[in-house]
Amino acid sequence: MERKRFLKQGMAALGIAFVTPMTACKKNDATTDNSENGGTEGTGSETCAVAPTETEGPYPSKNPSAYVRSDITDGRSGYKLTVNITIGKVSNNCSPLEGAVVDVWHCDADGNYSEYSSGSTSLHFLRGRQTTDAGGLVTFTTIFPGWYQGRATHIHVHVFNASGTSLKVTQIAFPENSGSALLTVNGYNKGMKGYTYNAQDNVFADDTTGVEIATVTGNTTNGFSLVHNINVP
């Protein structure tokens, strides 16, 4: 099914909506390899193990092949965030996987997703696709995601191989330790009152090793940088 969807969306392309998501992005019931995050940065992504499988949620990109781009900001306001994701292949000792297709999407500073609200389906902010280089790396320029009720701050990721077969659907969490970027951003205009931390999040709560937590550095003046490894089978 994923292969058919991918091919239909246009292999040739490879080379807002304001909604209230609430608690929509719940954990995939089939997930078995996750394990409470706590507030520290993840170290699990440094080990050679397949990344946990998570739900795409209700707001995946409707036509991701149309958004082959590195800068996915689309005019949304927020602190600049550079996202660096490296894809490794577990069956090859987690060597970098060249030619993998990586889709990402996330909410804006106010917690809204593009594409799904009636009358605003032509907006596609904070969604994009890139193909990994020889080092397994893709880079996106975006903004620091906001948050919405019931979920910790997160980024969705879907990885395909070059022929369009789905390899992994997962999510990236943010560290919450003292001095972290998350606490520095402080929920933009919302603040952090009512925020769902990783340990209570319905996707990340069982990640005791922190494998889903990225490394995030930077500041509000110069922007932030996120670095994360995702290993596929």
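Just so you know, all these numbers are worked out from the coordinates, no wet-lab data involved. Keep in mind it's a predicted model, so treat the numbers as computed, not measured. Heads up, the Cβs are rebuilt from the backbone with ideal geometry, glycines too, and the neighbour counts pull from every protein chain shown.
Here, P(r) means the percent of Cα pairs in each 5 Å bin from 0 to the largest distance; for segment 128-203 it is 3, 13, 21, 20, 15, 13, 9, 5, 1. Between Asp133 and Gln200, the contour length at 0.36 nm per residue exceeds the Cα-Cα span by 20.6 nm. With q set to 0.14 Å⁻¹, the log10 of I(q)/I(0) for segment 88-233, from the Debye formula over equal scatterers at the Cα positions, is -0.73.
Note on segment 70-125: with charges restricted to the Cβ of Lys and Arg (+1) and Asp and Glu (-1), its dipole about the Cα centre is near 180 debye.
Neighbours of Ile85, meaning other residues whose beta-carbon lies under 13 angstrom from its beta-carbon, give a summed charge of -1 when Lys and Arg score +1 and Asp and Glu score -1.
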